[in-house]
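The values are calculated or read from the model by the stated rules, or taken from the named source; none is laboratory data. Model, not experiment: these values are computed from the prediction. Neighbour counts are summed over all protein chains in view; Cβ atoms, including those assigned to glycine, are modelled from backbone coordinates with ideal geometry. The area values use the complete protein model at the heavy-atom level, side chains included, leaving out ligands, DNA and RNA. Shrake-Rupley method; radii C 1.70, N 1.55, O 1.52, S 1.80 Å.
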Amino acid sequence: MEMLSQLWSLLGLLTVLQNVLPSQLLSLLHSLYQSLQDMLCPYSYFDVPEFNGYCGVHLNDLYRHVNLYLNSLVNVHVNVTANPSSSSFNARLTLSRSNSSNRISFTVAPNHSVSDSFGGHILSWTHHVDTVQDSLDEKRSFVLKLPKRHRHALLHPYLHHLTARAEEFERVSRERRLFTNNGHASYDSGWVSVPFRHPSTFDTLALEPQLKSQLTGDLKAFANGKDFYHRVGRAWKRGYFLYGPPGSGKSSLIAAMANYLCYDVYDLELTKVSDNSELRALLIQTTNRSIVVIEDIDCSLDLTADRQQLRLSMNTKSTRSKARVRSRQQKQEDEDCDEQNAGRVTLSGLLNFTDGLWSCCGEERIIIFTTNHRDNVDPALLRCGRMDVHVNLGNCGPHAFRAMAKNYLGLDSHPLFEAVDRCVRSGGALTPAQVGEILLRNRGDADVAMKDVVSAMQARIHLDGGGGGGQDQLAELYSSCDDQTVMMRATSSPESVLVGVGGGSPENWVSSSPPGSGRKKKAAEGDQCQRMKMKFLVRLRSLTKSDSGRRGVCLTCPNS
């Protein structure tokens, strides 16, 4: 009772002193008390406010990184089902989910703390939320508490670790978007977007194992190459050129790359771009960690005409006689041509888009061109530095078909797998789109699906080779010809080819050449090769007639 009375007396004395003493003296006494408390306390405290400065206008990027980092910590503990007695779960958490995302976000509730460990020390974050007087606004901040004796050794490495972890979590967890240009790049934004939820992944793609491992390794090296690109002085971007017949999986590969790297996708429609200035504006508006795609580059614009016109103009200028007597009419035609080129996207503008100065305005970007006919694309677009990796997507090989059978039918093995391999080696390979349609149509019965695939491959062999029984003879006859510029479908490999990893020019970047693709014959043997060609065609016609009765024979039969 006596102690309680003394306490009341002390409180009364403090109240009297607060009313009597001037405010400057009270502020000085309070600061001395805080300094004494900080001196005796074994911890140091660091405030991270939501806004920079006193006006509260500029957002503090570190505050956002702390929020993302704590969100990643909570997600890790929840996914791994950590020990419920962990200090991270002593705090109250706030759950939220946006309208456009299915991911649940975990954040620390106001005025609660979350513990963390770094370098063998225990640290904690406290989320302070204070209401501003006479206002509905709230003042938010995070307070970091760490051991005072190790603050100099812990603070900067820990903040660097926090920022890297937060950026990685933001890249993986954020909702990916699919953008397309709307033809109004001169306004606030020339892009419109929808959520990107394509299900294609490298696990579901019909690719040969070697090509798949090369692609994933190259993508991973690019995503982790920030320090390398800065050290060598190159823009942090990479170009991929995908070519192959329709249905070979070019669009699915792009979606798998975006899902693998967690990048946004910008589908650029060149026919909607008015001129080079708008093309440059669209590039500036793209974000980091994105894939810019131009599909069917050979059909989007007549870029080859630009190169032909340039060569014609160079030849004209090189002729002295024509340069001296150049008439006013010719000058007027050139001016009209320049005005016409100024009002559309030209080859020069597209080249600057891929590797010009304006292409370095962002980081961690991938540019992809696709085409069904590689020869129709201007070589200037395919050189090193623009399209770094060339990927030839062809028909389904044996491993790719087994992957599709596993995905569509759930088959790990089947008696007709050997027949499919035989058909593939004989030139009856189908594109992934054709195989996928057959498997999808018969997904309820695996045996029927496999029989339909074998039948389709046999029909392909008979259509291209003139009968299954004559394939070996045709291959033997063709191998005797020295002219290897012609490629038989029966001896070609359906496996896709990745080029661009080994170095050198794109024409020489072939990691695995198909058996049957050869070099041009020497000029001295031209006459002999022409005779071999004629012999080959005559023999082909005779084999077609002799094997016409065997076109319905199943390849699985031992006597076929």
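With Cα atoms defining each centre, the range 213-236 and the range 405-461 are spaced 38 Å apart in the structure. Rounded to the nearest 20 debye, the dipole size of the range 354-436 about its Cα centre is 240 debye, using +1 on the Cβ of Lys and Arg and -1 on the Cβ of Asp and Glu. Evaluated with a Cβ-only charge set (Lys, Arg +1; Asp, Glu -1), the range 365-409 carries a dipole of roughly 200 debye about its Cα centre, given to the nearest 20. For the pair residue 376 and residue 226, the difference between a 0.36 nm per residue extended length and the Cα-Cα distance amounts to 50.6 nm. Add +1 for every Lys or Arg and -1 for every Asp or Glu among the other residues with Cβ under 15 Å from the Cβ of residue 355, and state the total. Within the 15 Å Cβ shell, the charges total +4.
Once the convex hull of all Cα atoms in the range 409-449 is built, its volume per residue stands at 71 Å³. Extension gain for residue 47-residue 421 works out to 128.1 nm (0.36 nm per residue, less the C-alpha to C-alpha distance).
Note on residue 234: accessible area approximately 130 square angstrom, rounded to 10, probe 1.4 Å, nucleic acids and ligands left out. Beyond 29 Å in Cα-Cα separation lie the following of the pairs 139/220; 250/272; 220/250; 139/237; 272/406; 212/237: 139/220; 139/237; 272/406.
For the peptides 383-391, 195-203, the ranking by packing is 383-391, 195-203, with the highest mean count of neighbouring Cβ atoms within 10 Å listed first.
The apolar share of the surface of the range 172-302, taken as the fraction of accessible area on carbon and sulfur atoms (1.4 Å probe, ligands and nucleic acids excluded), comes to 50 percent. Other residues with beta-carbon under 14 Å from the beta-carbon of residue 122 carry, at +1 per Lys or Arg and -1 per Asp or Glu, a net charge of +3.
Beyond 18 Å, the tail of the calculated P(r) for the range 132-262 holds 74 percent of the Cα pairs.
Sorting 403-415, 363-375 by their mean Cβ neighbour count within 10 Å, with the most densely packed peptide first, gives 363-375, 403-415. Can you pull the percent of Cα pairs in the range 208-275 with separation above 15 Å? The share of Cα pairs beyond 15 Å in the range 208-275 comes to 65 percent. Judged by the ratio a/c of the largest to the smallest principal axis of the C-alpha gyration tensor, the range 154-219 counts as oblate, that ratio being 1.5 or greater while a/b is no larger than b/c. The range 129-173 and the range 345-387 have Cα centres spaced 41 Å apart.
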